[in-house]
Amino acid sequence: MISDNDLINRAKSLVNPRTLSRNVEAGKVASALVTKDGNVYVGVNIDSDCDLGACAEHIAIGGMVTGGEKDIDVIVAVNKEGEVIAPCGRCREYIYQISGHNSQTRVLLRDGKSMIIDELLPLHWKTDIKTK
């Protein structure tokens, strides 16, 4: 099992801000996650001028789904300064909707803190997700 610090360091190692084209940048934020089965998936953000990009968490989750998994035990994101950051609202919702198990996903936060998705989305609009 990978430790929280190792997961954070895995994400930090991926941060590499760069320009892909005149309209697209990538790598300012990186994410790493551990699945229920103990596998690690990673991703970096992709930002475009017309908002067609994706958050690092979405890219990591896409890799996980491609790998045949859907249940996230722990997830972290780090910014270009290497600081742990909380997922945006869109990412919180995405994590939640991928699998009912993910309402209990532990999200690593600054200063060694963590919260589960249920705590980050306490009054969810779609309450039946947890039962599926």
TODO: Taking the residues in the range 46-67 that are part of a loop (DSSP other than H, G, I, E, B) and not charged (D, E, K, R) as candidates, determine which candidate is farthest from the chain's Cα centre (by Cα).
DONE: Cys50
- [ ] Give just the number: which of (1) in contact (Cβ under 8 Å) with a residue 12 or more places away in the chain; (2) over 12 Å from the mean Cα position of the chain (by Cα) does Val74 not satisfy?
- [x] (2)
Open item on the list: Among the numbered criteria (1) in contact with a Lys or Arg (Cβ under 9 Å, 6 or more places away or on another chain); (2) surrounded by fewer than 19 Cβ atoms within 10 Å (Cβ to Cβ), which one does Asn102 miss?
Closed with: (2)
- [ ] Return a yes/no flag: does the range 18-30 have any residue that is surrounded by 17 or more Cβ atoms within 10 Å (Cβ to Cβ) and under 12 Å from Val76 (Cα atoms).
- [x] yes
Task: Within the range 75-99, tally of residues that are assigned to a strand (DSSP E or B) and either surrounded by fewer than 19 Cβ atoms within 10 Å (Cβ to Cβ) or polar (S, T, N, Q) (or both) - done: 1
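Every number here is computed from the coordinates shown, using simple stated rules; none is lab data. The structure displayed is predicted, hence computed values, not measured ones. All Cβ positions, glycine included, derive from the backbone under ideal geometry; neighbour counts span all protein chains shown.
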